[in-house]
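Here's the structure we're looking at; comments come further down.
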Amino acid sequence: MDAGSFEALTVDTLGRRLGGLEALRARLGDDVAAWRTREVGDGNLNLVFIVESDKGGVVVKQALPYVRLVGESWPLPLKRSYFEYHALTRQAARAGGSVPEIFHFDEAQALIVMEYLTPHVILRRALIDGRQLPKIADDLALFMARTLFRGSDLAMETRKRKADLALFADNVELCDITENLVFSDPYFEAELNAHTAPQLDGIVAQLRADRDLKVTAQRMKHLFAAKAETLLHGDLHTGSIMVTDTDTRVIDPEFAFYGPMAFDVGMLFANFWMSYFSQSGHEEGGSREAMRAYLLGVLERCWSGFRVEFSRLWRSERDGILYQKSLFEDRGDVLGAEQALDAVMHEMWTDLLGFAGIEIHRRILGLAHNADFESIEDTDIRARCEAKALQFGRQIAVNRARMHSMTEANALATLIETGAVA
Ligand code: SR1
Ligand code: MG
């Protein structure tokens with residue numbers, strides 16, 4: 001990529017610079033002067049513009065050559081936009097209707113013009129506001145099962161999968177963020193770490209001295225780095241999902257790379273559990289008991305929906321090099337194929353608990369925190385919510401091989417939330 005020609009867009013220059021593009025004119029009209037542009041990016045990395053006219057709207061997302069959250073002292077390559085574009089095209093093909101439509105990609109300017117999702121809101125915001133979205137469990141189960149299965153050697157022609165593995169293997173710097181920020185920094189006094197202090201000082205010290213937990217975090221990091229199983233979204237938290245009551249779209253796959261299936265599932269579930277533990281910090285307008293029950297229900301239904309769809313694909317689309325039908329079904333050994341499916345699913349469950357526990361920790365102890373907790377202004381209340389989440393995260397990660405079902409995991413969450421365990 002020609003970094004020399006890159007220029008960050010501004011609200012004032014966008015019309016002049018992109019006004020000639022057919023992708024925008026087709027949706028906004030030719031009267032560029034009448035386009036209304038606003039910058040709405042509130043993520044950690046990029047610029048995001050909404051451009052509207054009387055005819056319609058589009059989103060323009062542009063990568064910056066540094067981490068927006070930190071500033072120019074932390075350079076980050078523009079090529080993440082290239083990985084995002086390629087991930088979005090694959091997700092659209094593998095899980096139709098689950099991502100925004102792409103209208104234009106400019107590699108040199110690291111920008112993607114895409115569908116303006118409206119009246120969608122970010123799922124994390126909706127959950128903080130206490131909204132119960134009726135479709136997220138089913139929609140996200142399908143998104144994960146379809147993208148994770150269809151991007152793997154279970155389904156793909158191995159030549160194509162290996163070419164994709166090579167393409168996404170260059171997403172080194174974004175993987176490096178996850179490798180350090182998620183799996184290591186929370187467990188020592190890394191420079192950019194932050195936590196609610198002094199309330200959490202004691203529990204943070206305990207966690208950082210917890211040998212079993214540190215070994216677990218490194219076991220999970222080892223898996224993340226070494227198990228190139230499928231094309232992951234790579235950052236599937238509730239801030240990467242836009243929703244209405246009837247539609248669910250997954251956005252922002254710039255962290256996409258080949259990794260373990262359980263990573264995406266674990267990260268998403270961690271964010272539902274964090275939402276659960278944060279609810280008591282948002283009770284000014286009334287009890288969030290129903291919201292807590294809703295969130296545990298979403299976890300139960302999403303995991304069961306995922307297993308159903310993954311199993312369906314296993315039985316109908318298992319045309320890759322793994323667990324070939326020629327070894328099982330074609331020889332009348334349907335039970336063998338089912339046994340293998342059980343083994344794959346069991347391993348995924350165990351691993352996702354590990355990833356989920358670590359994701360919870362990094363959102364409370366590391367650099368990149370969650371609005372679920374951060375928006376709780378009273379730091380004593382926030383710390384109580386966070387302490388429960390930390391305790392839960394530690395338990396599911398370290399105890400992952402001995403926890404057998406979502407019902408058990410949710411029962412543990414309930415015990416911790418209600419104070420039944422110290
Ligand atoms: C420096 S980037 C911090 C976090 O923001 C992204 O959304 C990823 O979750 C990353 O870990
Ligand atoms: Mg993001």
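When residue 155 is tested against (1) part of a helix (DSSP H, G or I); (2) over 17 Å from residue 265 (Cα atoms), only condition (1) is not met.
Scan segment 219-241 and report the pairs whose first residue is more than 19 Å from residue 273 (Cβ to Cβ) and whose second residue is acidic (Asp, Glu), with Cβ atoms within less than 6 Å and a gap of 6+ or a chain change. Within 6 Å, the pairs are 232/264. Would you confirm whether any residue within segment 271-288 is within 15 Å of ligand 1 (Cβ to nearest atom), closer than 25 Å to residue 154 by Cβ and either of a type in the set (S, T, N, Q) or not in a loop (DSSP other than H, G, I, E, B) (or both)? No - not one qualifying residue is present in segment 271-288. Taking (1) buried (at least 17 other Cβ atoms within 10 Å of the Cβ); (2) part of a loop (DSSP other than H, G, I, E, B); (3) over 21 Å from the mean Cα position of the chain (by Cα) in turn, residue 30 satisfies each apart from (1).
Hey, among the residues in segment 214-247 that are within 12 Å of ligand 1 (Cβ to nearest atom) and among the polar types (S, T, N, Q), which one's farthest from residue 266 (Cα to Cα)? Looking at the filtered set, the residue picked out is 240.
When segment 35-71 is filtered for residues that are surrounded by fewer than 15 Cβ atoms within 10 Å (Cβ to Cβ), in a strand (DSSP E or B) and within 13 Å of ligand 1 (Cβ to nearest atom), only 71 remains.
The set of residues in segment 204-237 being part of a loop (DSSP other than H, G, I, E, B) and within 16 Å of ligand 2 (Cβ to nearest atom) consists of 233, 234, 235, 236, 237. Among the residues making up segment 307-364, those that are small (Gly, Ala, Ser) and assigned to a helix (DSSP H, G or I) are 311, 316, 336, 337, 340, 343, 354, 356, 357. You will find that of 6, 103, the residue that is among the aromatic types (Phe, Trp, Tyr) and more than 30 Å from residue 140 (Cβ to Cβ) is 6 and no other. Residue 163 meets the conditions (1) surrounded by fewer than 16 Cβ atoms within 10 Å (Cβ to Cβ); (2) within 16 Å of ligand 1 (Cβ to nearest atom) in every case but one. The failed one is (2).
When segment 14-71 is limited to residues that are of a type in the set (Lys, Arg) and at pLDDT 95 or above, the one that is nearest to ligand 2 (Cβ to nearest atom) turns out to be 61. Confirm whether residue 20 is in a loop (DSSP other than H, G, I, E, B) and under 20 Å from residue 242 (Cα atoms). No, not satisfied. Looking only at segment 313-335, residues that are exposed (fewer than 13 other Cβ atoms within 10 Å of the Cβ) and among the acidic types (Asp, Glu) come to 2 in all.
If only residues of segment 238-261 that are under 16 Å from residue 91 (Cβ atoms) and assigned to a loop (DSSP other than H, G, I, E, B) are counted, the one that is farthest from ligand 2 (Cβ to nearest atom) is 247. Among the residues of segment 260-296, the ones that are surrounded by fewer than 22 Cβ atoms within 10 Å (Cβ to Cβ) and under 21 Å from residue 346 (Cα atoms) come to 1 in all.
For segment 257-290, a residue qualifies if it is under 21 Å from residue 361 (Cβ atoms), hydroxyl-bearing (Ser, Thr, Tyr) and in contact with a Ser or Thr (Cβ under 7 Å, 6 or more places away or on another chain), and exactly one does: 275. Pairing residues of segment 278-306 that are more than 14 Å from residue 137 (Cα to Cα) with residues that are β-branched (Val, Ile, Thr), at Cβ distances under 8 Å and at least 6 apart in sequence or on separate chains, gives 278/128; 278/376; 280/381; 281/376; 281/381; 282/128; 282/376. Within the set 264, 235, 252, 245, the sole residue that is modelled with pLDDT of 95 or more, of a type in the set (Asp, Glu), closer than 26 Å to residue 121 by Cβ and touching a strand residue (DSSP E or B) at 6+ places or on another chain (Cβ under 7 Å) turns out to be 264.
Based on this model, can you work out whether residue 177 counts as within 16 Å of ligand 2 (Cβ to nearest atom) and surrounded by 14 or more Cβ atoms within 10 Å (Cβ to Cβ)?
In short, yes.
Taking into account only those residues within segment 182-203 that are out of contact with any helix residue (DSSP H, G or I) (no Cβ under 6 Å at 6 or more places or on another chain) and in a helix (DSSP H, G or I), which is farthest from ligand 2 (Cβ to nearest atom)? Ranking the qualifying residues of segment 182-203, first place goes to 202.
Does residue 179 satisfy the condition of being in a helix (DSSP H, G or I), within 15 Å of ligand 1 (Cβ to nearest atom), over 22 Å from residue 354 (Cα atoms) and modelled with pLDDT of 95 or more? Give the steps one after another, and end with the answer.
Working: in a helix (DSSP H, G or I): yes; within 15 Å of ligand 1 (Cβ to nearest atom): yes; over 22 Å from residue 354 (Cα atoms): no; modelled with pLDDT of 95 or more: yes.
Here the answer is no, as residue 179 does not meet what is asked.
Being assigned to a helix (DSSP H, G or I), under 11 Å from the mean Cα position of the chain (by Cα) and within 16 Å of ligand 2 (Cβ to nearest atom) is the requirement here; does residue 264 meet it? Judged against the criteria, residue 264 is a match.
Residue 400 meets the conditions (1) touching a residue at least 12 places away in the same chain (Cβ under 8 Å); (2) surrounded by fewer than 22 Cβ atoms within 10 Å (Cβ to Cβ) in every case but one. The failed one is (2).
The values are calculated or read from the model by the stated rules, or taken from the named source; none is laboratory data. Bear in mind that the values here come from a model prediction, so they are computed numbers and not experimental data. Cβ coordinates were reconstructed from backbone atoms using ideal geometry, including for glycine residues, and neighbour counts include every protein chain displayed.
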